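The values are calculated or read from the model by the stated rules, or taken from the named source; none is laboratory data. What you see is a predicted model; the values in this text were computed from it and never measured. Neighbour counts are summed over all protein chains in view; Cβ atoms, including those assigned to glycine, are modelled from backbone coordinates with ideal geometry.
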Amino acid sequence: MTTRTGEGVGPEAVRRMLRRIDAEGIAGTLELVSSGSGSVKPEASRPTLAAAWAAAVAVLPSDWSDLLCDLELDSSTDIERAAVLAGPLNPMQGIGRPGFRFRCASSRGYGAAAGMVRRCLERLDEEGIGGDVRIVRVLCDIHPVGTQGPVWQPGQRPA
């Protein structure tokens, strides 16, 4: 039932389906149409987390001041270790996928410095923890007076 690309139904799902058919008393014949060894699909290479961060920061305007970023991990088993390694970023859960959200500030305000973000992502790369990092929101030319920076409200403009 599975194809050579790994798509389709797995063997355990087929067993459960056949047991349910048998339990219902439905008669039928199972016939093997074809068989063969599947070709291994080459894994697409993607940049490391630190390289992805460097590329994302490189395209920002020169006057950026605050960033809201997501780090989506490849595996939910890496969440705890990634949170420890990225502790200086003050990781916040709640992005709806394995990973967390963090803030970055260019020169002042609330959030880790861009260099600290890079170093934390390098730590994750060194541990073999994969994922995707992306900038969700960017604020430019912000000069907070009497505050640490903007307040990010989901679905609203920063205050």
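Run down ILE95, ILE79 and say which single residue is modelled with pLDDT under 85 and surrounded by 10 or more Cβ atoms within 10 Å (Cβ to Cβ).
Testing whether each residue is modelled with pLDDT under 85 and surrounded by 10 or more Cβ atoms within 10 Å (Cβ to Cβ) leaves just ILE95.
Please enumerate the residues belonging to region 57-115 that are in a strand (DSSP E or B), touching a residue at least 12 places away in the same chain (Cβ under 8 Å) and in contact with a Phe, Trp or Tyr (Cβ under 7 Å, 6 or more places away or on another chain).
Correct list: LEU68, CYS69, LEU71, ARG103, ALA112.
List the residue pairs whose Cβ atoms are under 8 Å apart, where the first residue sits in region 130-154 and is farther than 17 Å from LEU71 by Cα and modelled with pLDDT of 60 or more, the second is aliphatic (A, V, I, L, M) and assigned to a loop (DSSP other than H, G, I, E, B), and the two are 6 or more positions apart or on different chains.
Note: pairs meeting the criteria are GLY149/ILE142; PRO150/ILE142; PRO150/ALA159; VAL151/ALA159.
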